[in-house]
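What follows is a short report on a single structure.
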Amino acid sequence: MLGKTPNVAKCEASSAKAIAAADKAAARKNTSCRWLDNGDGTAVDLNTGLQWEIKTEDGSVHDWGNQYTWSTTSGETEPNGTLFTEFLATLNGGVSNDGSTTTGCFADHCDWRIPTIGELRSMLDAQYPNCTHIPCVSIPGHTFPSHYWSSSTVADAPRYAYYVYVSPGFVGAANKDLASFPRAVRDY
(Lines give C-alpha, C1' and ligand atoms only; values in the text may rest on other atoms or scores of the structure.)
Protein backbone atom coordinates (compact mmCIF):
# COMPACT_ATOMS: atom_id res chain seq x y z
CA MET A 1 0.00 0.00 0.00
CA LEU A 2 1.09 3.52 -0.71
CA GLY A 3 2.33 5.46 2.26
CA LYS A 4 3.11 2.32 4.26
CA THR A 5 6.61 1.49 5.46
CA PRO A 6 7.84 -1.64 3.64
CA ASN A 7 8.50 -4.77 5.66
CA VAL A 8 11.91 -5.72 4.21
CA ALA A 9 12.23 -8.96 6.20
CA LYS A 10 8.82 -10.16 5.03
CA CYS A 11 9.64 -9.26 1.42
CA GLU A 12 13.02 -11.08 1.56
CA ALA A 13 11.40 -14.16 3.12
CA SER A 14 8.68 -14.18 0.45
CA SER A 15 11.29 -13.86 -2.34
CA ALA A 16 13.45 -16.63 -0.88
CA LYS A 17 10.40 -18.90 -0.67
CA ALA A 18 9.47 -18.18 -4.30
CA ILE A 19 13.03 -18.85 -5.51
CA ALA A 20 13.18 -22.13 -3.55
CA ALA A 21 9.85 -23.22 -5.09
CA ALA A 22 11.08 -22.35 -8.61
CA ASP A 23 14.33 -24.24 -8.05
CA LYS A 24 12.42 -27.27 -6.74
CA ALA A 25 10.08 -27.22 -9.77
CA ALA A 26 13.05 -26.93 -12.14
CA ALA A 27 14.80 -29.84 -10.42
CA ARG A 28 11.71 -32.02 -10.92
CA LYS A 29 11.91 -31.24 -14.65
CA ASN A 30 15.69 -31.84 -14.65
CA THR A 31 16.35 -28.22 -15.65
CA SER A 32 17.83 -25.22 -13.95
CA CYS A 33 16.43 -21.80 -13.14
CA ARG A 34 20.01 -20.59 -13.14
CA TRP A 35 20.66 -20.76 -16.89
CA LEU A 36 19.00 -18.83 -19.71
CA ASP A 37 19.51 -20.63 -23.04
CA ASN A 38 19.75 -17.88 -25.68
CA GLY A 39 19.03 -20.28 -28.56
CA ASP A 40 22.23 -19.24 -30.36
CA GLY A 41 24.67 -21.73 -28.85
CA THR A 42 25.12 -19.68 -25.68
CA ALA A 43 23.62 -19.54 -22.20
CA VAL A 44 23.64 -16.77 -19.62
CA ASP A 45 24.36 -17.63 -16.00
CA LEU A 46 21.72 -15.61 -14.17
CA ASN A 47 23.81 -15.85 -10.97
CA THR A 48 26.88 -14.14 -12.46
CA GLY A 49 25.67 -12.41 -15.61
CA LEU A 50 28.31 -14.18 -17.72
CA GLN A 51 27.50 -15.56 -21.17
CA TRP A 52 28.93 -19.05 -21.79
CA GLU A 53 29.44 -21.17 -24.89
CA ILE A 54 27.21 -24.25 -24.96
CA LYS A 55 29.07 -27.42 -25.89
CA THR A 56 27.70 -29.64 -28.65
CA GLU A 57 28.26 -33.10 -30.14
CA ASP A 58 28.67 -32.03 -33.76
CA GLY A 59 32.40 -32.04 -34.57
CA SER A 60 32.55 -28.23 -34.70
CA VAL A 61 34.77 -25.94 -32.61
CA HIS A 62 32.04 -26.25 -29.94
CA ASP A 63 32.25 -30.06 -29.73
CA TRP A 64 32.45 -31.21 -26.13
CA GLY A 65 35.25 -33.67 -26.96
CA ASN A 66 37.73 -31.09 -28.30
CA GLN A 67 40.87 -30.55 -26.25
CA TYR A 68 43.46 -27.80 -26.58
CA THR A 69 46.83 -26.81 -25.10
CA TRP A 70 47.41 -23.57 -23.21
CA SER A 71 51.04 -23.26 -24.42
CA THR A 72 52.99 -24.94 -27.20
CA THR A 73 55.88 -26.50 -25.25
CA SER A 74 56.64 -27.70 -21.75
CA GLY A 75 57.69 -24.89 -19.43
CA GLU A 76 56.26 -22.25 -21.76
CA THR A 77 54.30 -19.50 -20.03
CA GLU A 78 52.86 -17.62 -23.00
CA PRO A 79 49.23 -18.20 -24.11
CA ASN A 80 50.30 -19.51 -27.54
CA GLY A 81 48.76 -22.98 -27.55
CA THR A 82 45.80 -24.20 -29.58
CA LEU A 83 43.42 -22.93 -26.86
CA PHE A 84 44.22 -19.41 -28.07
CA THR A 85 45.44 -19.88 -31.65
CA GLU A 86 42.65 -22.24 -32.78
CA PHE A 87 39.74 -22.28 -30.34
CA LEU A 88 39.46 -18.58 -29.43
CA ALA A 89 40.69 -17.45 -32.84
CA THR A 90 37.84 -19.37 -34.49
CA LEU A 91 35.20 -18.02 -32.08
CA ASN A 92 36.43 -14.46 -32.53
CA GLY A 93 36.39 -14.48 -36.34
CA GLY A 94 39.53 -16.36 -37.21
CA VAL A 95 40.27 -19.19 -39.61
CA SER A 96 38.60 -22.57 -39.12
CA ASN A 97 40.58 -25.47 -37.58
CA ASP A 98 41.26 -26.97 -41.02
CA GLY A 99 42.40 -23.60 -42.41
CA SER A 100 39.84 -23.63 -45.20
CA THR A 101 37.41 -20.87 -44.22
CA THR A 102 37.27 -17.63 -42.31
CA THR A 103 34.34 -17.45 -39.96
CA GLY A 104 32.34 -14.63 -38.44
CA CYS A 105 32.28 -14.15 -34.73
CA PHE A 106 30.40 -16.67 -32.60
CA ALA A 107 26.85 -15.58 -31.65
CA ASP A 108 27.63 -12.13 -33.11
CA HIS A 109 30.24 -11.37 -30.44
CA CYS A 110 33.99 -11.11 -31.02
CA ASP A 111 35.09 -10.81 -27.38
CA TRP A 112 35.09 -14.48 -26.33
CA ARG A 113 37.81 -15.42 -23.86
CA ILE A 114 38.93 -18.19 -21.54
CA PRO A 115 37.41 -17.67 -18.08
CA THR A 116 39.42 -16.77 -15.00
CA ILE A 117 39.59 -19.47 -12.35
CA GLY A 118 36.97 -17.61 -10.30
CA GLU A 119 34.59 -17.40 -13.26
CA LEU A 120 35.12 -21.04 -14.17
CA ARG A 121 34.60 -22.11 -10.58
CA SER A 122 31.35 -20.13 -10.50
CA MET A 123 29.90 -22.61 -13.02
CA LEU A 124 29.91 -25.34 -10.39
CA ASP A 125 26.51 -26.16 -8.99
CA ALA A 126 25.40 -24.96 -5.58
CA GLN A 127 26.08 -28.41 -4.06
CA TYR A 128 29.83 -27.94 -4.70
CA PRO A 129 31.94 -29.42 -3.15
CA ASN A 130 29.43 -32.20 -2.36
CA CYS A 131 27.81 -32.70 -5.77
CA THR A 132 25.34 -35.53 -6.10
CA HIS A 133 25.62 -35.69 -9.90
CA ILE A 134 28.42 -35.81 -12.46
CA PRO A 135 29.50 -33.45 -13.90
CA CYS A 136 29.04 -30.87 -11.18
CA VAL A 137 27.55 -28.25 -13.55
CA SER A 138 24.06 -27.74 -14.92
CA ILE A 139 24.71 -25.53 -17.96
CA PRO A 140 22.67 -26.55 -21.02
CA GLY A 141 24.38 -28.75 -23.60
CA HIS A 142 27.16 -31.25 -23.04
CA THR A 143 29.93 -31.09 -20.49
CA PHE A 144 32.73 -33.63 -20.62
CA PRO A 145 33.36 -34.72 -17.00
CA SER A 146 36.99 -33.66 -16.91
CA HIS A 147 39.38 -30.67 -16.62
CA TYR A 148 38.50 -27.27 -18.10
CA TRP A 149 41.19 -24.64 -18.64
CA SER A 150 41.08 -21.24 -16.97
CA SER A 151 43.06 -18.21 -18.12
CA SER A 152 44.64 -17.95 -14.65
CA THR A 153 48.33 -18.75 -14.27
CA VAL A 154 49.69 -20.11 -10.99
CA ALA A 155 51.63 -17.13 -9.57
CA ASP A 156 54.59 -19.04 -8.09
CA ALA A 157 54.71 -21.63 -10.91
CA PRO A 158 53.99 -19.77 -14.20
CA ARG A 159 54.30 -22.87 -16.37
CA TYR A 160 51.03 -24.06 -14.77
CA ALA A 161 47.49 -22.79 -15.28
CA TYR A 162 44.49 -23.45 -13.07
CA TYR A 163 41.65 -25.70 -14.18
CA VAL A 164 38.33 -26.86 -12.79
CA TYR A 165 37.68 -30.58 -12.79
CA VAL A 166 33.90 -30.58 -13.14
CA SER A 167 33.58 -34.20 -12.05
CA PRO A 168 33.14 -34.04 -9.06
CA GLY A 169 34.05 -30.35 -8.94
CA PHE A 170 37.45 -29.16 -7.70
CA VAL A 171 40.22 -26.76 -8.66
CA GLY A 172 43.73 -27.89 -9.63
CA ALA A 173 46.63 -26.84 -11.83
CA ALA A 174 48.36 -28.47 -14.80
CA ASN A 175 51.33 -27.89 -17.05
CA LYS A 176 50.21 -25.57 -19.84
CA ASP A 177 51.39 -27.88 -22.64
CA LEU A 178 48.89 -30.59 -21.69
CA ALA A 179 45.63 -30.86 -23.62
CA SER A 180 42.43 -30.12 -21.75
CA PHE A 181 38.89 -28.91 -22.44
CA PRO A 182 37.82 -25.30 -23.13
CA ARG A 183 34.68 -23.35 -22.35
CA ALA A 184 34.46 -19.82 -23.77
CA VAL A 185 32.91 -16.95 -21.83
CA ARG A 186 32.19 -13.27 -22.25
CA ASP A 187 30.70 -10.47 -20.18
CA TYR A 188 27.02 -10.26 -21.01
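The values are calculated or read from the model by the stated rules, or taken from the named source; none is laboratory data. Given the structure is predicted, the values throughout are model-derived calculations rather than measurements. Methodologically, a virtual Cβ is constructed for each residue, glycine included, from the backbone with ideal geometry; neighbour enumeration extends over all protein chains shown. To get the accessible areas, we keep the full protein, side chains included, count just its heavy atoms, and leave off ligands, DNA and RNA. Shrake-Rupley method; radii C 1.70, N 1.55, O 1.52, S 1.80 Å.
With all protein chains in place and ligands, DNA and RNA left out, the 1.4 Å accessible area ranks Asp111, Asp45, Asp156 as Asp156, Asp111, Asp45, largest first. At an R0 of 41 angstrom, the distance between the Cβ atoms of Trp64 and Asp156 translates into a FRET efficiency of 0.80.
Maximal additional length on extending the Ile134-Glu78 stretch stands at 16.9 nm, based on 0.36 nm per residue less the C-alpha distance.
Each of Asp187 and Ser146 was given a label point 7 Å from its Cα along the Cα-to-Cβ line. The distance between the two points is 3.2 nm.
Residue order by solvent-accessible surface for Glu53, Glu86 is Glu86, Glu53, largest first, with ligands and nucleic acids left out and a 1.4 Å probe.
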